[in-house]
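Engineer: The structure is given below, and queries will be raised subsequently.
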Amino acid sequence: MRPHALTCEERLGRVAIVPLKIVQFLALTLTALALVPSGAHLFALPHKINLVAEQYFIAQNIYRGWSLFGVVLIGALIANLALALLLRGRRAPFAFALFAFLCIALTLVVFFIWTYPANVATNNWTMIPDNWEQLRRDWEYSHAANAIVTFAALCSVTLSVLTTRERTPSGGVGVTSGERPH
C-alpha cells in the first residue's frame, strides 16, 4: 500500500475517513429531517392549543401519514450512535455525537410516554374521548419538547462534525472545518 495515498485507508485515529464522512453526513441529514415534523408541531401549537374539539380534530387530520417520519427518527438514532462509536476516544467530537444520540433517544421516550398514548386514546384523533383536552395538552407539549430536544441534537451533531480533526497523509493533524491544529 502506498503510504501517502488518499483513499479510504486514510485514517482519523483508527477510523477510515470516507466511512466517517458518510456517517457524519447521515447523522446530520437524518437529525435535520427529524426536526421537520416536531418543528412544525411546535410552531402550530399556539394556533391549535385553544381550538374547540371539532376544530382541533379537523386540524389533526393534516398529520395523516406523518407516522412515516418514524423511519427518519430511527435512522437518526442509529446514525448518531454509529457516529459516537466511530469517534470513541476523540473527546469533544465523541461527546457531541453521544449527546446527539441521547437526545434522539429521549425524543422516543417522550413520544412513547405522552404522544403515542394520546394517539391510541383518540384512535389517531378520529374519536373524541371525555379527556381529550388533557390528551391534546400531552400531545402538543410532547411534540414541542421533542422539537427543542431534536434541535439540541442537531446542534450537537453539527458541533461533533465541526470539531472532528482529520489526519493528513503524513500522519499529522490537518485543518478542517475552520479548526486550527494544536
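Engineer: Just to be sure I understand, how many residues within segment 65-99 are of a type in the set (S, T, N, Q) and either at pLDDT below 95 or within 18 Å of Ile17 (Cβ to Cβ) (or both)?
Structural biologist: Final tally of qualifying residues: 1.
Engineer: Give me a count of the residues in segment 31-50 that are in a helix (DSSP H, G or I) and either over 18 Å from Ile74 (Cβ atoms) or of a type in the set (Gly, Ala, Ser) (or both).
Structural biologist: 13
Engineer: Here's a follow-up. Take the residues of segment 110-133 that are in contact with a Ser or Thr (Cβ under 6 Å, 6 or more places away or on another chain) and β-branched (Val, Ile, Thr): which is farthest from Gln55 (Cα to Cα)?
Structural biologist: Among those that are in contact with a Ser or Thr (Cβ under 6 Å, 6 or more places away or on another chain) and β-branched (Val, Ile, Thr), it is Val110.
Engineer: Please work out if Thr158 is at pLDDT 95 or above and closer than 21 Å to Pro46 by Cα.
Structural biologist: In short, no.
Engineer: Further question on the same structure: How do the pairs read when you match residues in segment 20-42 that are farther than 16 Å from Leu68 by Cβ and hydrophobic (A, V, I, L, M, F, W, C) with residues anywhere that are at pLDDT below 95 and surrounded by fewer than 23 Cβ atoms within 10 Å (Cβ to Cβ), using Cβ under 6 Å and keeping only pairs 6 or more apart or on different chains?
Structural biologist: From residues that are farther than 16 Å from Leu68 by Cβ and hydrophobic (A, V, I, L, M, F, W, C), the pairs are Leu20/Leu12.
Engineer: Just checking, does segment 100-118 include any residue being over 19 Å from the mean Cα position of the chain (by Cα), within 24 Å of Leu35 (Cα to Cα) and at pLDDT 95 or above?
Structural biologist: Scanning segment 100-118 turns up at least one residue that is over 19 Å from the mean Cα position of the chain (by Cα), within 24 Å of Leu35 (Cα to Cα) and at pLDDT 95 or above.
Engineer: May I pose another question? Considering only residues that are under 27 Å from Thr158 (Cβ atoms), of a type outside the set (A, V, I, L, M, F, W, C) and free of Cβ contacts under 8 Å to residues at least 40 places away in the same chain, which ones fall in segment 101-138?
Structural biologist: Thr115
The values are calculated or read from the model by the stated rules, or taken from the named source; none is laboratory data. This is a predicted model, so every value here is computed, not measured. Reconstructed Cβ throughout: ideal geometry from the backbone, glycine too, with neighbour counts over all protein chains shown.
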